[in-house]
Every structure is written in structure tokens, then in C-alpha cells.
Amino acid sequence: MKTIQINIYKFDELTEIAQKKVLNVFHDINVTWDWWQSVYEDAACIGLKIEAFDLNQNTLRLRLIHGVDFHIVQKRILDNHGKNCDTYKIAENMSKLSYEESISKLSQAYLDMLKKHYEYLLNEETVKDTIRANDYHFLLSGQLFSVNDFETVKDTDTSDFFVVESPKRANPNQIFENLLSYNGKPCAYTRGEAIKKAKTFEGKAVKIKDFDFKKYHVL
């Protein structure tokens, strides 16, 4: 039995090309959960409930929480929101506005908050920070490495021929890097190259017909 060594890398250790691949895959990592929750909680703290929003339609539904007086909302905004906040500026003039006008302006303010927060979470530097914080490791190609995604198998025709199964998220249209390995040296092969390499490996004959290329995602 032989042990195959696969080199794995942190994001900042990858090449620029590999980093771009990672960022393309993880571009929405920060918005795959309830990313809007902090904004909802901010509204609730001043006595407002965001019922729904749609960034594409540029809409947001806002109402008073049951039992909360609008004057309380105004006071909480002035007490807790900074003077540079749009909500603070609205609260300063609430006495001159109707209820409907105040709700409309606050709805727009909270919609703007959600837009800015969403854009921040999609920002490339923010995505990088999340990748670093999660301590992800990658193959040289930029594919995410996970022990559970890999399986080492031995070909029945030779004890010297090993294949490492590719990640489940791998793109079958790309040549995989670091997935086929000989004597611990990671390489990348197409199907034809793998057959040629297997046939000539240390001069030993290998029955390629018995090898399941589809199962192990070799192109």
C-alpha cells in the first residue's frame, strides 16, 4: 500500500487565477442565509416590523409593531440612531409628516439599508474575509478541499496505480489538478493522458477496460 500526498492551500497561498476561480464559486457565500436579519432587528428595536422586501422590485413593506405608538418610534430613533442616519433625519421631521408619509420614508430608508448591506456582503474583500475566517483549504486549481469528498482507491492490475476521486463540486469540463497522483506527485490528466500514463507506468501493463473513468471523474 502507498500513501498519496495531496498539497492543499489556504486562499492567500493560491495563484491569482485560482483565487479568481474560488471567488467565482463563493461570490454569494455571505447571502445564502438570513443576511437581512440584523436590519430586521434594528427596525424591531424602534417599534417597526419589516414584513417583506424585494431588492429587484425596489419594494419594502413596513408597519408599526402592535401596541407601539408612533411617537415612541420617533423617540427611539432619536435616542439610538446616529445623526447621520437617514432614519434620524426622518424622525426629526416626523411632527410635520403624516403617518403614511413617515412610514413611506422609513420604508425607503430601511430598503436602502438592506441594499447597502447586501452590496457589502457581496463585496470581493468581504467574501475573501469570510473564506479566510472559515479556514477553507483548496487544491492548487482552486477547488475546495474536503476530506469527505475524496476517496483513495487502488487499481486491481497494479499496486502502484492510485487515483484520488475528484470533489463532488468539480466541473467535469475542466482538467482536474492534483487528482491523479503517482508516487505522491500530484498531476492533472485528461482521460487519454491517464490511459497513456497508466499503460507506461514503470513499464507495467494495465488493463484500462476494467478502470471506471466515469466514476472517478477523469475526462
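Read the figures in this text as sums done on the coordinates, not as results from a lab. Nothing here was measured: the structure is a model prediction, and the numbers come from that model. Positions of Cβ are backbone-derived with ideal geometry, glycine not excepted, and every protein chain shown enters the neighbour counts.
Laid out as a table, the results:
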item: Potential lengthening between LEU64 and ILE17 on full extension [0.36 nm per residue; Cα-Cα distance subtracted]; result: 11.9 nm
item: Least to most buried among SER146, SER95 (fewest other Cβ within 10 Å first); result: SER95, SER146
item: Candidates per GluC sites (Glu not before Pro) in region 52-154, loop by DSSP, up to 14 other Cβ within 10 Å; result: GLU151
item: Computed over region 1-138: relative contact order in percent, which uses C-alpha pairs under 8 Å that are six or more apart; result: 34
item: Theoretical gain in end-to-end length, GLN57 to LYS89 [0.36 nm per residue, Cα-Cα removed]; result: 9.0 nm
item: Distant-in-sequence amide H partners of LEU62 (H built 1.01 Å from N, under 5 Å); result: GLU51
item: Violating pairs (Cα-Cα greater than 27 angstrom) within the set LYS105/LYS128; LYS20/LYS115; LYS10/LYS116; LYS89/LYS115; LYS83/LYS128; result: LYS105/LYS128; LYS10/LYS116; LYS83/LYS128
item: Label-point separation, ASN7 to ASP112 (7 Å along Cα→Cβ), nm; result: 5.0
